[in-house]
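As structure tokens, the structure follows; a few thoughts come after it.
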Amino acid sequence: MALVILAHPNLEESLANKTIVEELKNSGIAIEIRDIHQLYPDYNIDAGAEQEALLRHRTIVFQYPFYWYSMPAILKHWFDVVFEHQFAYGSEGDKLKGKNFVPSFTVGSSESSYTALGFQHFRIYEFCKHLEQTAYHTQMNYTEPLYFHGTSLAAGYGEQEIKINAKHHAKKLIERLAALE
């Protein structure tokens, strides 16, 4: 069974992430979803409860929208609180060793904007090095991130296009989870 750490600050208004989560729930695969914005609206994260959830699963998916070239604030805070010394790293911190680390996120703007010559100047994978290093430091098995572009209505993408792409993304995520379990 996989654990999904969902970190969307307003899931009800999301087209892409909401669709992905609905597809996961309806897929029949065994997953536990922890919506950390719903669980901790005050950002007072219960490290013990989150660590227990991590220990129950072999594969951990981090599902979120790509915000300001990174993750939403609550997910960064979640890592700071939950991946404690002597739990996730340190001389006795091997509790996550061998678990699968699966980044899964949505990107509002176009793929062409994330090129050396594009508006964002860097490619998406260049913004993911901190994820890879986190997995490495905690002895987890890092998997290449799953993501797709064009999820912003404000950038001119249509609802149907976003939902279709989100369903395709969810299908790839489900296939990855099946391969890892």
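Report the full-extension gain for the segment Ala47 to Lys167: residue separation times 0.36 nm, less the Cα-Cα distance, to one decimal in nm.
40.0 nm
Given 25 °C and 0.890 mPa s, compute D for the range 2-180 with the Stokes-Einstein relation, Rh being the Kirkwood radius over Cα pairs; round to the nearest whole µm²/s.
147 µm²/s
Only helices at least 30 Å long along their own axis, judged from Cα atoms, and with Kyte-Doolittle mean hydropathy of -1.0 or greater: name those in the chain from DSSP H.
Sorted by number, the helices that extend far enough and score high enough are 159-180.
Helix-only mean residue ellipticity at 222 nm, the chain, DSSP H runs n ≥ 4 weighted -39,500 (n - 2.57), per residue, nearest 500. What is it?
The per-residue figure over the chain is -11000 deg cm²/dmol.
I'd like the antiparallel share, as a percent to the nearest 5, of DSSP beta bridges with both residues in the chain.
5 percent
Fully extended, how many nm does the chain gain between Ser113 and Glu84 (0.36 nm per residue separation, minus their Cα-Cα distance)?
Contour length minus Cα-Cα distance gives 6.9 nm.
Quick check on my link table: of Lys76/Lys97; Lys76/Lys172; Lys25/Lys167; Lys18/Lys99, which ones sit more than 23 Å apart, alpha carbon to alpha carbon?
Lys76/Lys172; Lys18/Lys99
Along the Cα→Cβ direction, 7 angstrom out, place labels at Ser91 and Tyr69. What is the inter-label distance in nm?
3.8 nm
Amide H of Tyr157: which non-local residues (sequence gap of 5 or more, or other chain) have their own amide H closer than 5 Å, using H built in the peptide plane?
Ser152
Here, each number is a calculation from the coordinates, and none is a lab measurement. None of the values given here were measured: they were computed from a predicted structure. A quick note on method: Cβ atoms are made from the backbone with ideal geometry, for glycine too, and the neighbour counts reach across all protein chains shown.
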